[in-house]
Amino acid sequence: MRNRLLSGISWAALLSLGCLAPLGTAADESLPGPKHSLQYKFKMGEVLRYGIKHSTNIRTTIEGTTQEADTQSESIKAWKVTDVLPNGEMEFVHLVEKVRMSNRVPNRAVRKFDSETDASPPPGFEQAAGAVGVPLTVVRITAAGDVVAREEKYPLPAPSEDMPITLRLPPNPVVIGEQWDFTYDVRVDRKSGAKLTVRTRRVCTLRRAEAGVAVIGVEYQILTPVGPFVESQLVERLTKGTVRFDIEHGRMLSQTLDADRRVIGFSGEASSMHYVSRMEERLLRPEKRLARKREGG
């Protein structure tokens, strides 16, 4: 358990989109104000590039011994739109063009990898290095962001249902203050080794819409009562944050997701874990690249 927690976010998570997945409910007629239609509007041939920064810190104490691990990454992902169908469905190729990663775990030197400068990756980064610059997935979505087809082009771990590739949007126009959510059944381990299904959900609220940009608050919640052993397996999902969506052009402009969770007693009564993470993602101009590090930085 300790080794799994201290390993931090896997390379697959670092290369993923980090997107959210709310599904719209019926419009709340009790809320006043104009309604806003949120839909994807990709154009064939365009390329959407996003810069992503992801940091994770895990501090655990078990049997009086405290250990700490950190993971940092910067990457550029791209969605290359290859088709727009008459029914509004859009197809794109997802790939990671560049990545810079570092990992610090107890009793080991800090490991780093930069896809632009390192000819061969250090141990532990081989699979991540191989996934850079090649098509990872071909995805077809509806205007609401529902995935209707997906073809894996590179051997990645199977995506989790509650962490899909796109931000799914409400099927109906929504007003300021309206909420929608989507529930998931997540499989986790019991202490006995048996599996447990935990019901979770992500709740979204349209906070405001200004100058053509919708600002959406998001929060991931556990609905099933669970103990600390199970909660420790879910902490990386328990994020709160904000998504900014371009209403006119139909695309996400940015998102920021934070997690800060303490779990007491996950591995014995005196054990504790403090999990902190932040993920920032923003749409880039076509010419934008990862900033180069100064020497010694």
Worksheet item: At 222 nm, what helix-only mean residue ellipticity would the chain give, in deg cm²/dmol to the nearest 500, using -39500 (n - 2.57) for each DSSP H run of four or more?
Response: -1000 deg cm²/dmol
Fill in: Length released on extending from Thr66 to Ser102, taking residue separation times 0.36 nm less the Cα-Cα span
10.9 nm
Discussion item. If R₀ is 51 angstrom, what is the calculated FRET efficiency for the pair Ser192 and Leu85, using the beta carbon separation as r and rounding to 0.05?
Written reply: 0.60
Worksheet item: Tell me, in nm to one decimal, what length is gained between Ser254 and Lys153 on full extension, where the rule is 0.36 nm per residue of separation less the Cα-Cα distance?
Response: 33.7 nm
Worksheet item: Long-range amide H contacts for Val175: which residues qualify at under 5 Å (H placed 1.01 Å from N, peptide plane, sequence gap of 5 or more or a different chain)?
Response: Asp28, His36
Worksheet item: How would you rank 136-149, 42-55, highest first, on the average number of other Cβ atoms within 10 Å across their residues?
Response: 136-149, 42-55
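What is the ratio of the Cα radius of gyration of the range 2-283 to 2.2 N^0.38 Å, with N the residue count, to two decimals?
Against the empirical 2.2 N^0.38 Å value, I get 1.05 for the range 2-283.
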Worksheet, complete the sentence: For the Ser160, Ala211 Cβ pair and Förster radius 51 Å, calculated FRET efficiency rounded to 0.05 is 0.90
Item to complete: With a Förster radius of 25 Å, plug the Cβ-Cβ distance of Lys43 and Leu284 into 1/(1 + (r/R0)^6) and report the FRET value to the nearest 0.05.
Response: 0.90
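Read-outs: derived from the displayed coordinates by stated rules, not from any lab. Since this is a predicted model, take the numbers as computed values, not measurements. Note that each Cβ is placed from the backbone with ideal geometry, even for glycine, and that neighbours are counted across all protein chains shown.
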